[in-house]
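The values are calculated or read from the model by the stated rules, or taken from the named source; none is laboratory data. If you're wondering where the values come from, they're calculated on a predicted model, not measured in any experiment. Every residue, glycine among them, receives a Cβ derived from its backbone with ideal geometry; neighbour counts consider all protein chains shown. Only protein heavy atoms, including side chains, enter the accessible area calculation; ligands, DNA and RNA are left aside. Shrake-Rupley method; radii C 1.70, N 1.55, O 1.52, S 1.80 Å.
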Amino acid sequence: MNTITLDITNALPDGVGENGIGRKELEETIARLSEHFSKLIASPMPFMMLPSTRFQFDEMRSLADKIGKMGIKNMVLLGIGGSSLGTQTIYDALLDPFHNHEERFRGGKPRYFILDNIDPHKMGAIIETVLPDIDKTVLVVISKSGETPETISQFMIFKELMKKSPGFQERIVLITDREKGILNKIAAKEGFSVLNVPDGVGGRFSVLTPVGLFPCALMGINIDKMCAGAAGMAAHITRYDGDENMAFVIAAILCLMDKKGKNIHVLMPYCERLSGFADWFRQLEAESLGKKGFGPTPTKSMGVTDQHSQLQLYVEGPKDKCIVLFYSATREVPIPASFDYLDDVAYLANKDMKDLFHAEFQGTRLSLTQAGTPNISLVLDEVTDYNLGALFYLFEMVTLLMGHLIGVNAFDQPGVEQGKIYTKAMMGKKGLEKERRHTEELLSKPAKAIVF
Ligand code: PA5
């Protein structure tokens, strides 16, 4: 069916009393968003057009087909932040959790390794794992700026490993800005295939471009359906107004919660397949909205696991949180009538794990609500390519709308850029000599430290 149901009852005063958002406040905020949205429709941000433009779909498909015929065993993806989180989210949601472990779960597709960190321990281990089949490895390097030191240094390593195998140029794909950056220079010199990030689409808003979709095409995931889901959500947001519009309602509630001091947004999927989605939105919300001393703090919790780790805090701790629950469960795993001599476990016998999972989700909602902790929930009837595309688009729009309410530019990240400059300066990049001296000065200040 592909439905997503949003329930906001427990963020309103009827549910959580004074911790809820009053009807009037909500209506006024939604009206502001509606007004802003009519301006956006007249002059949309480039990411908003992606579901209809289907940027480089033909190029992605033909490149994926060509690579698919090479008998590839490993796919190594180099990228960080907005350049890798979308793919990780899609793989978590739509590939088998044991894809890498057994051939029968991957149906002829390659194993995948997403190197979103340069921790040498993990990098070394991945290199050892793929090296025996380096001639059957495809490398996808993603960097919009083409300048990110983490990604470029990883590329330097993998290029040298791969160049010993024949035809390696055919197995390296770069995804980057149309013109700018080192990756374009490298591609021009070495003849690697290039796909692009469309103009004006920032890293964390790029999941519906080759950044997120080409790695899907390589794994046989249906990028048309994912895009159709995004287009369906775009149509919903355009068609419905006021409190019928999912994006307006979520953006208004999250912002008003932030204003009321409930500025910790806990993203809590009851669905392991949506674990990556929580990471993806955590980055989108933090990097887009955390500016000028403003911005909510997104964090992630896993249902049911974190009921036994974080829930105590959410129920009885400070009322500084709004919990965003996601739920989806379709598979059935029957619980047999074992230990039939024990009355204490009879309530579980002949039930299904799906029922228990649902009861736990509802139990959490109830206990949060009874304690006055506001929560909203999104229930997906199924985790599909279509629904995932819709969720991506929905939460990108939510972020954009929240940026308007908070009064920040959701599309830059000056705080991240500064860190990149410090790193490059410390590593001795030409032209950053002044920054290097400044960094050394800062680091030479006496530290207050304890050594064990
Ligand atoms: O969302 C963003 O803009 C960032 O998270 C970037 O994706 C991240 O910093 C990586 O940048 P790049 O794609 O230029 O390597």
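Dipole size of the chain about its Cα centre, with +1 on Lys/Arg Cβ and -1 on Asp/Glu Cβ: approximately 1780 debye, rounded to the nearest 20. Mean residue ellipticity at 222 nm, helices only, the chain: -14500 deg cm²/dmol; runs of at least 4 DSSP H residues each add -39,500 (n - 2.57), and the sum is divided by the number of residues. Computed over protein heavy atoms with a 1.4 angstrom probe, the accessible surface ordering of 98, 105, 55, 277, largest first, is 98, 105, 55, 277. Relative to the longest principal axis of the Cα atoms of the chain, the long axis of helix 85-94 lies at roughly 60 degrees. For the peptides 210-223, 426-439, 131-144, 227-240, the ranking by mean Cβ contacts within 10 Å, running from highest to lowest, is 210-223, 131-144, 227-240, 426-439. The 3J(HN,Hα) values that the Karplus relation (6.51, -1.76, 1.60; θ = phi - 60°) gives for region 337-352 are, in residue order, 7, 8, 6, 5, 7, 10, 4, 4, 10, 4, 5, 8, 5, 6, 9, 10 Hz. Gly and Pro appear as x. Name the residues of region 167-188 whose amide N is less than 18 Å from a point 7 angstrom out from the Cα of residue 417 along the C-beta direction? Label zone hits: 177-182. For region 341-452, the relative contact order comes to 9 percent (Cα pairs under 8 Å, sequence separation of at least 6). The Cα-based radius of gyration and maximum Cα-Cα distance (Dmax) for the chain are 23.6, 76 Å.
Projecting the Cα atoms of 141, 60, 77 onto the dipole axis of region 56-197, where Lys and Arg carry +1 and Asp and Glu carry -1 at the beta carbon, places 60 farthest toward the positive end.
Bridgeable aspartates and glutamates around residue 122 (alpha carbons under 20 Å apart, same-chain partners fewer than 8 residues away excluded): 92, 133, 150, 160, 279.
Each residue of region 60-129 gets 104 Å³ once the volume of the Cα convex hull is shared out per residue. Ordered by solvent-accessible area of protein heavy atoms (1.4 Å probe), largest first, the residues 323, 182 come out as 182, 323. Any idea what the dipole of region 56-197 comes to, in debye rounded to 20, about its Cα centre with Lys/Arg Cβ at +1 and Asp/Glu Cβ at -1? Charge dipole of region 56-197: 340 debye, to the nearest 20. Projecting the Cα atoms of 431, 421, 383 onto the charge dipole of region 374-447 (Cβ charges, centred on the Cα centre) puts 431 farthest toward the positive pole. Restricting the trypsin sites (Lys or Arg not before Pro) of region 279-343 to loop positions (DSSP other than H, G, I, E, B) with no more than 14 neighbouring Cβ atoms within 10 Å leaves 292, 331.
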